[in-house]
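Heads up: the structure comes next, in structure tokens.
Derivation of every value follows stated rules applied to the coordinates shown; laboratory data play no part. Fair warning: this is a prediction, and the values are worked out from it, not measured in the lab. So basically every Cβ, Gly included, is an ideal-geometry build from the backbone, and we count neighbours across all protein chains shown.
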Protein chains: 2
Amino acid sequence: MSKPSNARGTRDFGPLQMSKRKYVFNIIQKHFEEFGFQCIETPAIENLSVLTGKYGEEGDQLLFKILNSGDFLKDIQASDLEKGFKKITFDISEKGLRYDLTVPFARFVSMNRNDLVFPFKRYQMQPVWRADKPQKGRYREFYQCDADIVGSTSLINEAELISLFQSIFKSLNLKVNLLINSRKILTGIVDKLNKLELFTPFAVILDKLDKIGWEKVSNELLEAGFSQTDCNSIKDLIEFKGDNLAKLNKLKSFYGSNEIGLEGLNEIETTLKFVETNGFKNQNILFDFTLARGLSYYTGLIYEGKADEGSFTSSIAGGGRYDNLTAAFGMPNMSGVGISFGIERIIDVLDDLNKFPEISSSASKILLTYFDEAGQIESLKYVNQFRKAGISAEVYSELGKIKKSFEFADKKQIPFVGVIGDTEIASQKIMIKDMKKGEQNLLSFDEFIDQLD
Amino acid sequence: MSKPSNARGTRDFGPLQMSKRKYVFNIIQKHFEEFGFQCIETPAIENLSVLTGKYGEEGDQLLFKILNSGDFLKDIQASDLEKGFKKITFDISEKGLRYDLTVPFARFVSMNRNDLVFPFKRYQMQPVWRADKPQKGRYREFYQCDADIVGSTSLINEAELISLFQSIFKSLNLKVNLLINSRKILTGIVDKLNKLELFTPFAVILDKLDKIGWEKVSNELLEAGFSQTDCNSIKDLIEFKGDNLAKLNKLKSFYGSNEIGLEGLNEIETTLKFVETNGFKNQNILFDFTLARGLSYYTGLIYEGKADEGSFTSSIAGGGRYDNLTAAFGMPNMSGVGISFGIERIIDVLDDLNKFPEISSSASKILLTYFDEAGQIESLKYVNQFRKAGISAEVYSELGKIKKSFEFADKKQIPFVGVIGDTEIASQKIMIKDMKKGEQNLLSFDEFIDQLD
């Protein structure tokens, strides 16, 4: 007899939490489908050959690996132990748990390339697993919600994903900002400074501006090989304040005739124009050319959503364009653009801000209770009628425990209790108590239904 | 560059399969909630201490075990290898993947006993993992859909679960039979024969009647310790043909005053009466006292659903009453009753019988396409209008590729294509092609919407 517990970093979701989760999932799913995205699901278990090498060395360490079934030691010699755990891992484990939805999606596209209709718009809402150190807000098992469009380079797709972002947070009644940038804007800056070879360190260092400030960023840039003059130019750009248009103009004059930089600016302008045409105001879309985003596979527009209320500063959505996601699976030149909603964080933010609508965890609208066997039989008849009318209903399971059944309904937040005794059977009515108002009325089935609307 | 594949026994679900799956999941979920069941979710990863020892020795072997993160070898000596893989497993792995939904549910109930309102009615629809040999219809990752009621011994619960079964398959338009029995019926038989100590072998052997026939069953019974007279009595019962009432009477006269047997008969009778009261006809509910069901934790009524059309003979749902499910987690005497729907098999059966309604995998109702930039802008305006009206819509992403966009809509089974050119912009209308009928009409937004209803 063991005292049970959850595995570290994992959670159970009880009825109330599930109601909240479903509220958010349903809104996101509704908009995904409204925008023409099709649902796919991939398995939790993937071959390690699919997963490893896709998330960097740190990611490889964070993959949950599954022990081979049967005698996994049969080809292992005592001397093999000296190889160390990293090498031996692949001798005793060939499968792992999904680490994100992007790599399995790339595998799916590559494997089904002949059957899919491109541009292919898919969404996916499934859990992923990471052997991270658990801490507040960081779990080892959590859901991701991704929408991607692959097989088209049109900026309409970027605009659609941004409109999708706007729709979803409007429905969730959460104020958000969307920072946007383009990898080409960043490339344009280093290209203009004749330091194209320093693009990667530039992006990585710039990404830290928020956290470590300009002083440290400039030191790191100097160490990485930028000159003091370069740093001055970059500082001049970074310190510039203004709205999107002013920022775009500032960069335009900086770039002069630099092609890649101008291409980046054009991406931003066109996308913003499309989003506005799509019916969304752009006030909360902030062009921020210090946004770099960690993932190395982005090649074009990138964006990151943050809550604009409450104290949450971390990202609640993000994404961008990538050109070579499926190349690792033997399918080069498949450009795509995606957005990922940080559903766990969104739920935390909504909870913190008390932004959930009044959600009841109770599945039932009415509980039927009774004094004796005749009432029990009558209750069973009614419960079926309620369900046929689309009203969730349940019968209290014990005879003659009226008081207990009311307590039960109260604790479960069931809004109505119907009592069925001899009078009710004789009159073909139900004594219905509105648990919120505390009122009680003798109503026929139809009268009650009418009153509900 | 690896040629990617799915891990053995796992599957991807593309848009069409997902539409079919969602159709079945949604129907089951709708009825679960109609009957007052509340949704919970438990994590995929559980501590092995929760999982092992709950599914028998074979089950323990079929658990997917997760390699500890970090240096899992640090406490392993070369000499440990001699212990063999079974023992070493627990040195290098402390977590595993959920094998079913029942054990995690029992853990959940036990851990949350002070917060839950009993009787607690929960449903759960999540994947489970088993390291079984994959074969047709048997996967290593598959969904289970369970509904359970714990904390009440009333037979109303059994009746509600059977009514739930009837409702779900009625909605799925699938003819099914439900075999029911009670463990007490079986106990009564061995008790009457004064062989109570042989209950377990009796149940196990009887369970094989379908597969191996009476001859072999009777040999096994003799070997297990039953006398020839016992076998004759059992044969007399088994060979008896008749409807439920006749069978109940046959057993009644066999039992005489045997208490446990009569209790079992009473369970069947009362439950069937409740189900009829609940509004469901009992014609497809077949009392079958050879039904034993493998799982040893059942103590009362047991039932098993089978399709009554097509060539599928295997079980598509099953369940029963258990009295001690949470005892393994330190919470004795918590009686419960449950039903599990074999969703993967249900999907296979519906597919095989062509019983899915016309399901389109396309998320979009209409695709908008255009010749030039003016049309593109207009399309982006319209697409937002459609979505606001609750109609899934998408914009073709390329300029001036009218023919390609029609092919795209055709392949994706999008039912309408709207073309927007200069005439359309001038008249504020859309040239809408009904892809099924092949008709084309110039319609205003409102005219099209009206026509859709």
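Peptide B:384-397 has a mean of 5 when you count, residue by residue, the C-beta atoms of other protein chains within 10 Å of its C-beta.
3J(HN,Hα) along the stretch A:418-429, derived from phi through the Karplus expression 6.51 cos²θ - 1.76 cosθ + 1.60 where θ = phi - 60°, amounts to x, 9, 10, x, 4, 4, 5, 4, 4, 8, 6, 10 Hz, with x in place of Gly and Pro. The HN-Hα couplings worked out from phi for the stretch B:234-239 by the Karplus form 6.51 cos²θ - 1.76 cosθ + 1.60 (θ = phi - 60°) are 5, 4, 4, 5, 5, 7 Hz, whole numbers, x standing for Gly and Pro.
7 Å along Cα→Cβ for the label point: how many nanometres lie between A:K3 and each equivalent label in the other copies, listed shortest first? Relative to the other copies, A:K3 has label-point distances of 5.4 nm.
The calculated Kirkwood hydrodynamic radius for the stretch B:184-285 is 14.6 Å, given to one decimal from all distinct C-alpha pairs. Each residue, B:E259 and B:E276, gets one label point 7 Å from its Cα in the Cβ direction; the gap between the two is 2.9 nm. Quick note on the stretch B:27-75: its Rg to Rh ratio, both from C-alpha atoms and Rh being the Kirkwood radius, is 1.20.
Per-residue mean of foreign Cβ neighbours for B:116-127 is 4 (Cβ atoms of other chains, 10 Å radius). Here's how it looks for B:R138: its modeled amide H is under 5 Å from none belonging to a residue 5 or more places away or on a different chain. Once you reduce the stretch A:1-47 and the stretch A:375-453 to the center of their Cα atoms, the two points are 33 Å from each other. Taking amide hydrogens as placed 1.01 Å from N in the peptide plane, the amide H of B:Q38 sits under 5 Å from those of B:K121, B:R122, B:Y123, each at least 5 positions away in sequence or on another chain. Label-to-label distance for A:N114 and A:E239 is 6.1 nm, based on points extended 7 Å past Cα in the beta-carbon direction. Between B:Q283 and B:I359, the simple spin-label model (points 7 angstrom out along Cα→Cβ) gives 2.8 nm. Each Cα pair under 8 Å and six or more residues apart adds its sequence gap; the mean of these over the residue count of the stretch B:366-452 is a relative contact order of 29 percent. Sequence-ordered 3J(HN,Hα) estimates for the stretch B:78-94 from the Karplus curve with 6.51, -1.76 and 1.60 and θ = phi - 60° stand at 4, 5, 4, 4, 5, 5, x, 5, 4, 6, 5, 3, 6, 7, 10, 9, 10 Hz, glycine and proline given as x. Dividing the convex hull volume of the alpha carbon atoms of the stretch A:1-128 by its residue count gives 184 Å³ per residue.
Pairs of Lys residues in the stretch B:63-121 are counted when their Cα atoms are under 23 angstrom apart and they lie 8 or more places apart or on different chains; the count is 12. With the cut-off at 31 Å, tell me which of the pairs B:K54/B:K208; B:K30/B:K429; A:K3/A:K403 have Cα atoms farther apart than that. Exceeds cut-off: B:K30/B:K429; A:K3/A:K403.
With the alpha-carbon atoms as the only input, what is the per residue convex hull volume for the protein assembly as shown in Å³?
Once divided by residue count, the hull of the protein assembly as shown is 199 Å³.
With contributions of -39500 (n - 2.57) from each DSSP H run of at least four residues, the per-residue ellipticity at 222 nm computed over chain A stands at -13000 deg cm²/dmol. Relative contact order, whole percent, for the stretch A:212-331 stands at 15, derived from Cα pairs under 8 Å and 6 or more residues apart. Take the alpha carbon atoms of the stretch A:192-263, find their center, do the same for the stretch A:72-113, and report the distance between the two centers in whole angstrom. For the stretch A:192-263 versus the stretch A:72-113, the Cα centre distance is 40 Å. P(r) for the stretch A:64-128, from all Cα pairs and a bin width of 5 Å, is 3, 13, 18, 14, 12, 11, 11, 9, 5, 3, 0 %, short bins first. Taking 14 Å as the straight-line reach from the Cα of B:K195, the aspartates and glutamates in range (excluding those fewer than 8 positions away in the same chain) are B:E223, B:D230. Please give the helix A:183-192 orientation as an angle from the longest Cα principal axis of chain A, in degrees from 0 to 90, rounded to the nearest 10. Result, in degrees: 20. Ignoring lysines fewer than eight residues from A:K273 along the same chain, the ones with Cα atoms less than 17 angstrom from its Cα are A:K247, A:K281, B:K381. Per-residue packing, averaged as other Cβ atoms within 10 Å, sorts the ranges B:82-94, A:86-98 into the order A:86-98, B:82-94, beginning with the highest. Peptide B:96-108 shows a mean partner chain C-beta count of 2 within 10 Å per residue C-beta.
Shape class of the stretch B:366-452 from the Cα gyration tensor (axes a ≥ b ≥ c, square roots of the eigenvalues): rounded, since a/c falls below 1.5. Calculation over all alpha carbon pairs of chain B in 20 angstrom steps from 0 returns a P(r) of 20, 42, 27, 11, 1 percent.
Based on C-alpha pairs under 8 angstrom that are at least 6 apart in sequence, chain B has a relative contact order of 15 percent.
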